[in-house]
Structures are given as structure tokens and as C-alpha cells.
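First up is the structure itself, then whatever we jot down about it.
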Amino acid sequence: MIALKVISHLLDYPTQELWDNRSELIDALQEADELPVTQVAKLMAFIHRLTQQELLDAQSHYSELFDRGRARSLLLFEHVHGESRSRGQAMVDLLNQYQQAGITLSSRELPDYLPTYLEYLTLLSTTECTEGLNNIAPILALLAERLKQRGSDYHTLFDVLLCLSQSELDASQLAAQVEKEPLDDTPAALDAVWEEEQVTFLGEGAQCGNNKIIQHQRRFAQETKVQYFNVGNSLGTGAQK
């Protein structure tokens, strides 16, 4: 799906490359026949609004949204209830699915990072791709409503993903629930998390390097306590043959 490929880039950490290639993204969307014209127009408008910002401002906004707290994390496993020591096996299972599709991640990349998962889905058949999106539709709806109540334009991307998933879920149905959620990105809330535990999944040797995208992904790995759900039943099951 062309639109899914575009959204995977838009959901990743903003870079100069994205700014330089914005016209190519818009041109690609003109051929995205998997979406209604109204949804394509929303994506095009989002690209215009995003890339009209100064890149540094867009990067700062992105980090404020997705790096602080856990409520809007782009790590899929973060949004599933409960915790399990089986998280490692879940990551292995998902990595195996990627390998079957010809995707090889570096040791620094987390497989449940949403843009990576969307890239994976673009390699599957249309039916499998839709199923993969439908399996994570509850997460997409929750993130859409949280971003909407935050006043972030990024909610548009999740609304379009829900459209592509063909799910009957409506993010607005979660409005009351999200309104009651305590903020988890305030200074006090963040301090409480760090007092409880300082999570480090990467060794000290992995801290070198200046690539901004890798640094952003490291922050996810270092600051996020990932939760588990059954990858085999919930993520891209159609790809396992």
C-alpha cells in the first residue's frame, strides 16, 4: 500500500531527508487508490503543515509527543495490558516475521516500533496488510484519541491507519476514557518513573554514534518498559506460513 509506506515515513523521527522529499511523498499519494480521496487529501494537508515548520521545531514537537511518558509511545507492546517476562520471545517472534519478509533490523532497532511494523506490512499482500492493521486497531484508536485530545495534528495519521485497517473502531468512542487518564509526561510523573526503575536495554557501548534517528530509537529502548502481547495471534499472522 502506497499510503502505508508514506505514513511509515511521516511517523518516524523528522529528518532533513523528509523535508527535501515532501513533493515526492505527495506525488506518491496521488496514486494511492487504496484510500478514499478525502483520506488522501488529509495526508497531503498533513505533509504541507508538517514541512512548513522549521525542522528543529518539528523534531522538538515530535519528541515531546512520543518520547515523554508512555501514553503515546510508538512501541506497540507498550499499549497492551499487563507485563510479562515473555517480552523477549515476543520480540524474537516478530523479528522472525520480519526476516521471512526479507527485513533485517540492526541490533539497535526495536521490532515493535510502529513505523518499522508499517514498513513490514507494505511487503505483504493486501489482505495480510489489512489484517495486520486490523490486529493493532485498538492501539491505533487509542493513540489517535490521545493525540487528538493533546491537540496534535499527528492524530490524522492514525485516523487514516484506522481507515486502512477496515476496522469498525472509532477513536472518538474512547474520548471519555482518555479524558480520565492521568498525565504521564509531567515532570512529577517522569520523576516517579525514574525513581521506580531506570530501564536500560542497551549496553553502554551502544551509546556512541551521532545518527539522530538511532539516538531517538535508543531513547525508546532506554526509557520504555515494554509490555507483552501474543505476537503470533496479534501481529501479522497472515505472513507466517
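Each value in this text was obtained by applying a stated rule to the coordinates, not by laboratory testing. It should be emphasised that the depicted structure is a prediction, and the values quoted were computed from it without experimental measurement. Glycine gets a Cβ as well: all are built from the backbone with ideal geometry, and neighbour counts include every protein chain shown.
Side notes on the structure shown:
- Percent of Cα-Cα distances greater than 16 Å, calculated over region 122-181: 42 percent
- Relative packing of 163-173, 124-134, 98-108, which averages over residues the other C-beta atoms within 10 Å, highest first: 124-134, 163-173, 98-108
- Protection proxy ranking, peptides 110-119, 16-25, average beta carbon neighbours within 10 Å, highest first: 110-119, 16-25
- With a cut-off of 9 Å between beta carbons, the residues surrounding His155 carry a summed charge of 0, where Lys and Arg count +1 and Asp and Glu -1.
- A cut-off under 10 angstrom between Cβ atoms defines the neighbours of Glu119, and their net charge, with Lys, Arg +1 and Asp, Glu -1, is 0.
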